[in-house]
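Undergrad: Below are the structure tokens for one structure; questions will follow.
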Amino acid sequence: MRDGVYLAHENCPQTFTERNHDHPSMFGALGVLPGDLVDRETMRRTLAKVMKEWQWDQTWGWDYPLTAMTAARLGETNTAVDALLMKTRKNRYLPNGHNWQRPNLPCYLPGNGGLLYAIAVDGRRLAAARRRDSTPGFPSDGSWQVQAENFNAQILRTL
């Protein structure tokens, strides 16, 4: 940590300057892993700083779902949706479903897998939260019409 935000790793004080085009790997602790030792307010500040200062035009396809999963777990639903729908060159999908990165890499499976994981896990969590009205879910400002049905009660307890 430095200046109230998480760094990519302890030996990377230049995370938000020289390295703000690399994967926002600090999100993995909460976006992919359970985040048991993550300070959520520090991660919330980190998310805000990444969203503002990252060079998104130079990132990779799996960075968007990773960011979205972190935002969703922090209850930052608008940011989660914004990350998944961010209009950048490497956050696009071809008609065949492949996450395009560059001409010699038209199929980037980490991007595809990240999107599927984000939708499967966090889409279910956000829809379930909206259904139960106990925690923030998809934005409730009228911009989303969400219907959730047939969720297994055991699964809902683990979300």
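Bear in mind these aren't lab numbers, they're just calculated from the coordinates by the rules spelled out. This structure is a prediction, so every number in the text was calculated from the model and none was measured. Backbone-built Cβ (ideal geometry, glycine too); neighbour counts: all protein chains shown.
Undergrad: Efficiency by 1/(1 + (r/R0)^6): what FRET value for Thr17 and Asn96, r their Cβ-Cβ distance, R0 = 30 Å, to the nearest 0.05? Walk me through the numbers on the way to the answer.
TA: On the way: r = 38 Å, r/R0 = 1.25.
Efficiency computed from Cβ-Cβ geometry: 0.20.
Undergrad: Ranking request for peptides 94-100, 3-9, 72-78: highest mean number of other beta-carbon atoms within 10 Å first, then the rest in descending order.
TA: Numbers: 94-100: 13.3, 3-9: 15.3, 72-78: 20.9.
Descending mean neighbour count gives 72-78, 3-9, 94-100.
Undergrad: By how many nm would the segment from Leu116 to Lys87 lengthen if fully extended, with 0.36 nm per residue of separation less the alpha-carbon distance? Intermediate results must be reported in sequence, preceding the final value.
TA: Details: separation 29, 0.36 × 29 = 10.44 nm, distance 1.80 nm.
Going from the current span to full extension adds 8.6 nm.
Undergrad: So, one more: Using 1/(1 + (r/R0)^6) with R0 = 25 angstrom and r between the beta carbons of Glu10 and Ala48, what's the FRET efficiency to the nearest 0.05? All intermediate terms of the calculation are to be shown ahead of the outcome.
TA: Working: r = 21 Å, r/R0 = 0.85.
Efficiency, from the Cβ-Cβ distance: 0.70.
Undergrad: Which whole-Hz ³J(HN,Hα) couplings does the range 67-84 yield from phi under the Karplus relation 6.51 cos²θ - 1.76 cosθ + 1.60, θ = phi - 60°, glycine and proline marked x?
TA: So the J values, rounded to whole Hz, are 5, 5, 5, 5, 4, 4, 6, 8, x, 8, 5, 5, 5, 4, 5, 4, 5, 5.
Undergrad: What residues qualify as long-range amide H neighbours of Arg92, i.e. H under 5 Å apart, gap of 5 or more or another chain, H built at 1.01 Å from N?
TA: Under 5 Å from the amide H of Arg92 lie the amide H atoms of Trp100, each far enough along the sequence or on another chain.
Undergrad: Something else about it: Using the number of other C-beta atoms within 10 angstrom as an exposure proxy, rank Arg102, Arg89 with the fewest first.
TA: Values: Arg102 9, Arg89 13.
Least to most surrounded, the residues fall as Arg102, Arg89.
Undergrad: Label points 7 Å out from Cα along the Cβ direction at Gln55 and Glu41: separation in nm?
TA: 3.3 nm
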